[in-house]
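As structure tokens, the structure follows; a few thoughts come after it.
The values are calculated or read from the model by the stated rules, or taken from the named source; none is laboratory data. Because the structure is predicted, anything quoted here is derived from the model rather than measured. Heads up, the Cβs are rebuilt from the backbone with ideal geometry, glycines too, and the neighbour counts pull from every protein chain shown.
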Amino acid sequence: MGTTPILSACSQRSGREAGTVHLVRFHETVRIGRADPDEAAALDTTTGAPLLRLIRLASTAEHIVEVNEITMLGDRYELYYDLPAT
């Protein structure tokens, strides 16, 4: 595993350099849903359009250091996973 720079909101405001952390795990949860009116407007689609909702947690050995909530149009994206069999 490599070392990944993480720039916190505090360091962005203060202009300090980003620290580095050793990421050891990503956890993803994928849900399928339909766009509500606000999501549809933001994504330039229709209310009820199919969506992929992905929540990704990035962790060090000690704790979670980043959370990403990603919403994608279901008819424009494909999820591909390459998982080890061991």
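Values computed for the structure shown
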| item | result |
| --- | --- |
| Near pairs, Cβ below 6 angstrom, 6+ apart or cross-chain, from region 24-37 (farther than 30 Å from residue 62 by Cα) to any residue that is basic (Lys, Arg) and surrounded by 10 or more Cβ atoms within 10 Å (Cβ to Cβ) | 33/53 |
| Residue check for residue 83: of a type in the set (A, V, I, L, M, F, W, C) and modelled with pLDDT of 95 or more | no |
| Selection status of residue 20, of a type in the set (Ser, Thr, Tyr), out of contact with any helix residue (DSSP H, G or I) (no Cβ under 8 Å at 6 or more places or on another chain) and either part of a loop (DSSP other than H, G, I, E, B) or at pLDDT 90 or above (or both) | no |
